[in-house]
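Asks: Can you read through this structure? Questions will come right after.
Every read-out reported here was derived from the displayed coordinates using simple, explicitly stated rules and does not represent laboratory data. Predicted, not measured: the structure shown is a model, and the values here were computed from it. Cβ placement follows ideal geometry from the backbone for every residue including glycine, while neighbour counts extend to all protein chains displayed.
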Amino acid sequence: MIVPFGHVLILAGILFLMGIFCVVVRRNLIMMVLGVEIMLNGASIAFVAAALRWQHLEGQVFVLFILAVAAAEVSVGLALIIFAYRRTGSFDPAHYNLLK
């Protein structure tokens, strides 16, 4: 059974909007990093769906680059969050003007 292309794009859009909501509304740095990851996964689903729809591998190759960038972003982001938490004792982004 093949899932229709429109349904996959709706799923990707919902994931992307959930990530935006998580970044904008939450006031916790870990949840903000998680929101960025959710947005990247939504974009990856859209690229894979487009690659399958038009029978081109470029979309799937681009997803591999997205996964590599996401892994690097998480490692650097979590290192910065741990550093800032040790300096301030809080995950609240309002306390993080020390990285300027």
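Asks: Residues of the range 50-77 being under 17 Å from GLY19 (Cβ atoms) and among the small types (Gly, Ala, Ser), which ones?
Replies: Across the range 50-77, the qualifying residues are ALA70, ALA71, GLY77.
Asks: Restricting attention to the range 62-83, which residues are over 14 Å from the mean Cα position of the chain (by Cα) and surrounded by 12 or more Cβ atoms within 10 Å (Cβ to Cβ)?
Replies: PHE62, LEU80, ILE81, PHE83
Asks: Within the chain, which helices (runs of 4 or more DSSP H) (wholly inside it) include 2 or more residues that are in contact with a Gly (Cβ under 8 Å, 6 or more places away or on another chain) and among the β-branched types (Val, Ile, Thr)?
Replies: Per the criteria, 5-25, 29-54.
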